[in-house]
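The values are calculated or read from the model by the stated rules, or taken from the named source; none is laboratory data. Source: prediction; values computed, not measured. All Cβ positions, glycine included, derive from the backbone under ideal geometry; neighbour counts span all protein chains shown.
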Amino acid sequence: MKFTKLAIPVAASALLLTGCGAEVESQGKGSGKSTVKRCGESVEYTVPKRAVAYEGGSADKLFSLGLADHVHGYVMPPANPPVSESPWAKDYAKVKMLSDDLLNKEIVVDAKSDFVVAGWNSGFSDQRGITPEILDKLGVQSFMHSESCYNYPGHPEKLTPFKGLYTDLERLGRIFQVEEEAEKVVAGLKKREAAVAEQAPKGKPVPVFLYDSGTDQPFTAGNQVPPNDIIKTAGGKNIFDGLEERWTQVNWEAVTQAEPEVIMIFDYGDQPAEKKIEFLKKSPHTKELPAVKKNNFFVLDYNEGISSPRNIDGLEKFGKYMRAFKK
């Protein structure tokens, strides 16, 4: 994997938002300012007018809240599926595609952006010279996906991936002063999540291996990314849910020992699912796995696997798969 108007009264918003970690301090209704957590750090924001979103997950979060008019553009690396496939394709069409490469400081400065949404170490990067701290010095506001905050230097925050998704939507709602819309969106997503959980098969969870990429060593999902919650909620068990990591490299021996009965294939632009399945069926490391011998593959779309409202689309699809699954 290569690594997205009406302000409710302050007292009501405090009751609503503290459960998912959003800040309760406010400058008052209609002030245009709010204090919201950026990972574990409290930051004062002014309502952005020229937001830049990195990858589909960041843009989807903004568009799902009806914020297209506040978005100047997006950066979309090749791994992302075409934006025409998004539920918010019309919103993508209203804004600019700024780059098909990785996020960098020059893109943000050239766009005269006042707000950047990305993940820590997937968008923001010390190595590439674009971090919230650097942008702060340039007078550019920034926001990080909560699911990427568990190892953010100085201000870490650890939330389960789905809780991180809901927290982000609520925090973005507060920043843009669309709290009522955020409340509706989050309530709808939680209702859909609960419906899948209620229908999940009972008994011992089915062991599931997420295959992202890699031949000599596989790249997979730890417990800090949405597929872990997708698998768990639908009645499975990520065989690497003990790893306090996001996307991480493991070894084939660990996969073999876990004997996964389902393999979730992470599908993205430059490494299509068909090629990955073909490799797994031929590799001596994997061809004898129960999931491979029984052809138990589930394909998860890229934007359903990174932090995004579309996580719940992926959950519903995998939930349906698991309800039909027979050992």
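Are any of the residues in the stretch 195-213 hydroxyl-bearing (Ser, Thr, Tyr) and more than 28 Å from Ala273 (Cβ to Cβ)?
There is no residue in the stretch 195-213 that is hydroxyl-bearing (Ser, Thr, Tyr) and more than 28 Å from Ala273 (Cβ to Cβ).
If you scan the stretch 195-220, which residues turn out to be touching an Asp or Glu at 6+ places or on another chain (Cβ under 7 Å) and either within 22 Å of Gln271 (Cα to Cα) or not assigned by TED's automatic domain parsing to the domain that holds Glu274 (or both)?
Residues satisfying the conditions are Val196, Phe219, Thr220.
Take the conditions modelled with pLDDT of 95 or more, over 30 Å from Val36 (Cα atoms), out of contact with any Gly (no Cβ under 6 Å at 6 or more places or on another chain) and not small (Gly, Ala, Ser) and apply them to Asn223. Does it pass?
no
Can you spot a residue in the stretch 80-102 that is under 16 Å from Ser307 (Cα atoms), surrounded by 19 or more Cβ atoms within 10 Å (Cβ to Cβ) and at pLDDT below 90?
Within the stretch 80-102, one or more residues are under 16 Å from Ser307 (Cα atoms), surrounded by 19 or more Cβ atoms within 10 Å (Cβ to Cβ) and at pLDDT below 90.
When both residues are 6+ apart or on different chains and their Cβ atoms are under 6 Å apart, which pairs have a first residue that lies in the stretch 32-55 and is exposed (fewer than 15 other Cβ atoms within 10 Å of the Cβ), and a second that is assigned to a loop (DSSP other than H, G, I, E, B) and of a type in the set (A, V, I, L, M, F, W, C)?
That search, which allows pairs on different chains as well, returns Gly32/Val47.
Can you tell me how many residues in the stretch 139-153 are exposed (fewer than 12 other Cβ atoms within 10 Å of the Cβ) and modelled with pLDDT of 95 or more? Before you say what the answer is, go through the steps one by one.
The first filter runs over the stretch 139-153 and keeps only residues exposed (fewer than 12 other Cβ atoms within 10 Å of the Cβ), leaving 139, 153.
The next check asks that each one be modelled with pLDDT of 95 or more; those that pass are 139.
Residues meeting the conditions: 1.
Criterion first (part of a loop (DSSP other than H, G, I, E, B), of a type in the set (D, E, K, R) and either modelled with pLDDT of 95 or more or within 19 Å of the chain's Cα centre (by Cα) (or both)) does Lys61 satisfy it? Steps first, answer last, please.
Numbers: part of a loop (DSSP other than H, G, I, E, B): no; of a type in the set (D, E, K, R): yes; either modelled with pLDDT of 95 or more or within 19 Å of the chain's Cα centre (by Cα) (or both): yes.
Taking the combined requirement at face value, the residue does not satisfy it.
Tell me, which residue of the stretch 261-285 that is touching a helix residue (DSSP H, G or I) at 6+ places or on another chain (Cβ under 6 Å) and either surrounded by fewer than 13 Cβ atoms within 10 Å (Cβ to Cβ) or aliphatic (A, V, I, L, M) (or both) is farthest from Lys204 (Cα to Cα)?
Leu280
Check off (1) at pLDDT 95 or above; (2) outside any helix (DSSP H, G or I); (3) more than 13 Å from the chain's Cα centre (by Cα) for Ser307 and give me the number that stays unchecked.
Going through (1) at pLDDT 95 or above; (2) outside any helix (DSSP H, G or I); (3) more than 13 Å from the chain's Cα centre (by Cα) one by one, Ser307 breaks only (3).
For residues that are in a helix (DSSP H, G or I) and touching a Ser or Thr at 6+ places or on another chain (Cβ under 7 Å), scanning just the stretch 116-138, find the one that is surrounded by the most Cβ atoms within 10 Å (Cβ to Cβ).
Looking at the filtered set, the residue picked out is Pro132.
Output the residues belonging to the stretch 253-284 that are among the acidic types (Asp, Glu) and within 20 Å of the chain's Cα centre (by Cα).
Within the stretch 253-284, Asp267, Asp270 qualify.
When you look at Ser113, is it assigned by TED's automatic domain parsing to the domain that holds Thr46, farther than 28 Å from Gly314 by Cα, hydroxyl-bearing (Ser, Thr, Tyr) and surrounded by 21 or more Cβ atoms within 10 Å (Cβ to Cβ), yes or no?
Considered against the rule, which asks whether it is assigned by TED's automatic domain parsing to the domain that holds Thr46, farther than 28 Å from Gly314 by Cα, hydroxyl-bearing (Ser, Thr, Tyr) and surrounded by 21 or more Cβ atoms within 10 Å (Cβ to Cβ), Ser113 comes out as yes.
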